[in-house]
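Have a look at the structure below before the remarks.
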Amino acid sequence: MPRGFPIVPIAVAILSIVFSQQTPQQQSPQQLSPQNDRSKEKQPEQVTHLNWTASAHSVYLKKTGGSDIPYDVISSDIEGWGRFVLVSSQEKADIVLEILSTDSGGVTTSVSTKTSGQTGQNEPSETSRRDISPSELRLVAYIAVDKNRMSLWQGSEHVKFAMKQVARENNLVDAAQRLFAKFHERIEPRPQRQEVQ
């Protein structure tokens with residue numbers, strides 16, 4: 001008796017597999033129920049750390065300190081952009097943008113009392129100090145439901161120093177616009193210009 005592959009058991013196994021599977025036309029009415037059709041409907045894409053630039057549609061702005069000017073500028077820029085819908089709470093948002101502005105230095109005056117060496121009495125003493133450390137704006141984006149607040153994107157801009165209040169406010173506006181432009185570029189990069197030869 002020659003040895004070889006047992007053809008009959010293999011053929012029976014293949015035929016049983018083929019006939020046990022139904023084609024889509026042979027499915028029972030239970031299998032074509034609306035419940036299965038609903039599962040095929042496109043569900044909103046969940047925002048993740050990998051796809052956030054494409055799938056995020058709503059944003060919550062959160063001011064964590066400093067002046068209101070950067071918050072107002074960035075809020076206005078987001079509304080004008082139209083890419084995101086501003087929402088009133090973090091629970092309704094896909095992503096959160098935290099805006100922090102540190103105040104720049106300025107002139108600080110402190111009043112203290114010193115004991116006079118001549119009279120022995122306490123005399124008021126006033127000292128002024130000029131602090132020229134620059135202020136900074138910081139913008140951090142993270143997924144709204146992320147309890148760890150893992151940063152998706154962050155950027156910062158230094159604010160030019162100015163002594164006058166109007167100049168300080170104008171410098172804050174300029175820095176906030178530059179910072180928003182960085183964020184905008186991250187979400188929707190400008191196409192590279194191709195040189196014509």
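The values are calculated or read from the model by the stated rules, or taken from the named source; none is laboratory data. Quick caveat: nothing in here was measured; it's all calculated off a predicted structure. With ideal geometry, Cβ positions are generated from the backbone for all residues, glycine too; neighbour counts draw on all protein chains shown.
Exactly one of these conditions fails for Arg193: (1) among the charged types (D, E, K, R); (2) modelled with pLDDT under 90; (3) surrounded by 11 or more Cβ atoms within 10 Å (Cβ to Cβ). Give me its number. For Arg193, the exception is condition (3).
Regarding Val96, is this residue at pLDDT 80 or above and under 15 Å from Ala144 (Cα atoms)? Answer is yes for this residue.
Restricting attention to the stretch 33-58, which residues are more than 16 Å from Glu188 (Cα to Cα) and either surrounded by 10 or more Cβ atoms within 10 Å (Cβ to Cβ) or modelled with pLDDT of 70 or more (or both)? Of everything in the stretch 33-58, those that are more than 16 Å from Glu188 (Cα to Cα) and either surrounded by 10 or more Cβ atoms within 10 Å (Cβ to Cβ) or modelled with pLDDT of 70 or more (or both) turn out to be Ser33, Asn36, Glu45, Gln46, Val47, Thr48, His49.
Residues checked against (1) part of a helix (DSSP H, G or I); (2) touching a Pro at 6+ places or on another chain (Cβ under 6 Å); (3) modelled with pLDDT under 95:
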{"position": "Gly4", "(1), (2), (3)": "no, no, yes"}
{"position": "Ile14", "(1), (2), (3)": "yes, no, yes"}
{"position": "Ile74", "(1), (2), (3)": "yes, no, no"}
{"position": "Leu100", "(1), (2), (3)": "no, no, yes"}
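Any residue in the stretch 132-145 that is modelled with pLDDT under 75 and out of contact with any strand residue (DSSP E or B) (no Cβ under 8 Å at 6 or more places or on another chain)? Yes, the stretch 132-145 contains at least one residue that is modelled with pLDDT under 75 and out of contact with any strand residue (DSSP E or B) (no Cβ under 8 Å at 6 or more places or on another chain).
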